[in-house]
Amino acid sequence: MTGGEIKHFLSINSLSIGAINSILDRAESFFPVGSKSAKKIPILRGKTIANLFFEPSTRTKTTFELAATRLSADVLNINIESSATKKGESLSDTLKTLASLRTDIFVVRHNQSGASAFIANLMGDQVSVINAGDGRHEHPTQALLDLFTIKRNKGSFTKLKIAIVGDILHSRVARSEIFALQRVGVKDIRVVGPRTLIPSNIECMGVKPFYNLEQGIEDSDVIITLRLQKERMRSALLPSASEYFETFGLTQAKLSYANPNVIVMHPGPINRGVEIDSAVADGANSRILEQAGNGIAIRMAIMAMLSGERI
Ligand code: NCD
């Protein structure tokens, strides 16, 4: 695939299987850069990346920054703090200014679904936009780093049984994850959680809902645990965090229902004692830290692709 064919990176749905495989392969080729003493290659020298995070973030923001600096780009971290009503105005002003300063890529996280597509429309060909999470809609770079982690651990995708456990209803990660796993040929995808946190028509997405943790993770090869996204809940959907942990918290005992070689993943931030027990988060099956680190190679691959690099 020739770089530059894709101007913006907004959703998994718009990516072909070929594009996904190119990004995974390129990420694999970038992976060793992280273990060199000088962790830099000159691929994006002279380019400028602006991190525009309208919502808090630790892993995504830092790994985008590290990815850009490892490719030798310059990074602007813009601190945006404004009220929802002021955002529209200050947003377009900020963006116009940054574009006039010849910024090449905007990395955008926003609490409104569609925000990065809106910005991409506004910018047209001037600046590339990467969606780093928009409302409940999509988080495509997270889905690709999760595919990368699964591929590095399991080799291939098609025969895997994968359970996504937790607050599916409010999760942009779950949506992107489902699209991405289906695109690479995973047939057995389960979503597991209380009825109040699983959309009622989820079967339409080609996945199977389970309202019981033990049944949902039975024989699974990969478990992706998700946080309760309280900031997006508009009403009381759960009795209490401790009751949730009793029923859906992933403990060592519950993990025994899965395949013995199961890997446990979590996009973070993790809430110990709510969706996952410390013994599992820190245990032998956990790939949570590895997963966060894999964000660097994947984000390097995506930025290289948008910048016209042949990948
Ligand atoms: C996720 C997000 O922001 O959507 N986290 C992340 O990007 N590492 C999941 C979450 O916030 O629970």
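Report those helices (runs of 4 or more DSSP H) wholly inside region 245-311 carrying at least 2 residues which are within 15 Å of the ligand (Cβ to nearest atom).
Working: elements: 252-255, 278-281, 288-306.
Output list reads 288-306.
Mind checking which residues of region 170-197 are more than 20 Å from Lys159 (Cβ to Cβ), open to solvent by 10 Å² or more (accessible area, probe 1.4 Å) and within 16 Å of the ligand (Cβ to nearest atom)?
Arg172, Val173, Arg175
Report, by residue number, each residue of region 215-269 that is under 30 Å from Asn111 (Cβ atoms), touching a helix residue (DSSP H, G or I) at 6+ places or on another chain (Cβ under 6 Å) and open to solvent by 30 Å² or more (accessible area, probe 1.4 Å).
Leu237, Leu238
Name the residue, out of Ser100, Ser90, that is open to solvent by 10 Å² or more (accessible area, probe 1.4 Å) and either touching a helix residue (DSSP H, G or I) at 6+ places or on another chain (Cβ under 8 Å) or modelled with pLDDT under 85 (or both).
Ser90
Starting from region 105-130, take each residue that is more than 19 Å from Gly46 (Cβ to Cβ) and list its partners that are open to solvent by less than 10 Å² (accessible area, probe 1.4 Å) and of a type in the set (Ser, Thr, Tyr), counting only C-beta distances under 6 angstrom and pairs at least six apart or across chains.
Qualifying pairs under 6 Å: Val108/Ser116; Val129/Ser116.
With the condition kept exactly as written, say whether any residue in region 161-168 is crowded, with 18+ Cβ neighbours inside 10 Å, modelled with pLDDT of 95 or more and farther than 21 Å from Tyr257 by Cβ.
No; the residues of region 161-168 include none that is crowded, with 18+ Cβ neighbours inside 10 Å, modelled with pLDDT of 95 or more and farther than 21 Å from Tyr257 by Cβ.
Return the only residue of Arg45, Arg70, Arg109 being open to solvent by 70 Å² or more (accessible area, probe 1.4 Å), modelled with pLDDT of 90 or more and among the charged types (D, E, K, R). Even if it seems obvious, please write down each step before you answer.
Numbers: Arg70 fails: open to solvent by 70 Å² or more (accessible area, probe 1.4 Å); Arg109 fails: open to solvent by 70 Å² or more (accessible area, probe 1.4 Å).
Sole residue among the options that is open to solvent by 70 Å² or more (accessible area, probe 1.4 Å), modelled with pLDDT of 90 or more and among the charged types (D, E, K, R): Arg45.
The values are calculated or read from the model by the stated rules, or taken from the named source; none is laboratory data. The structure presented is a predicted model; accordingly, all values stated were derived computationally and were not measured. With ideal geometry, Cβ positions are generated from the backbone for all residues, glycine too; neighbour counts draw on all protein chains shown. Calculation scope for accessible area: heavy atoms of the full protein, side chains included, ligands and nucleic acids excluded. Shrake-Rupley method; radii C 1.70, N 1.55, O 1.52, S 1.80 Å.
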